[in-house]
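Notes follow the structure.
The values are calculated or read from the model by the stated rules, or taken from the named source; none is laboratory data. Owing to the predicted nature of the structure, the values given are computational and were not obtained by experimental measurement. Reconstructed Cβ throughout: ideal geometry from the backbone, glycine too, with neighbour counts over all protein chains shown.
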Amino acid sequence: MQRSLSDLTSVVACVTVIDLSTFWNNLYSVEDVSDRDADGRRITDEGEELSIAELLVEQVEFSNLILLNKMDLVDESATKSVEELVKRLRPDTSILRTTHSESSLTDILKTTPISFDR
């Protein structure tokens, strides 16, 4: 019997990196994903395009590990406001604050494994 990759591995984390310096502008954007990348159309099950804001929210809701990146470009209040929104969208997510997306492997691996049964 041939073994599949899923027999040997498991998904521990779905990681989303949030650019703190552009998050709010993107969240309030009315652009569709395809407006940013002509080749990257993201269509919903209903056949509608996703807006940038919808995609951001969807990514946060699905992720069990969020990297709040570019801490060096924003102040503490901006970071806290994004952190609070992330916690409202996904209360059980782990959040790491980073600059240049630098984080320790230990911090990533100690994340509670993702559950697809939500």
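A compact table of results
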| quantity | calculated |
| --- | --- |
| Tally of residues being over 16 Å from the mean Cα position of the chain (by Cα) and either among the charged types (D, E, K, R) or buried (at least 17 other Cβ atoms within 10 Å of the Cβ) (or both) across segment 81-118 | 4 |
| Selection status of Asp32, surrounded by 11 or more Cβ atoms within 10 Å (Cβ to Cβ), modelled with pLDDT under 90 and not hydrophobic (A, V, I, L, M, F, W, C) | yes |
| In segment 54-112, residue modelled with the lowest pLDDT [restricted to those that are farther than 24 Å from Ser29 by Cα and among the acidic types (Asp, Glu)] | Asp107 |
| Residue within segment 86-96 that is within 28 Å of Ser10 (Cβ to Cβ), in a loop (DSSP other than H, G, I, E, B), touching a residue at least 60 places away in the same chain (Cβ under 8 Å) and not basic (Lys, Arg) present | no |
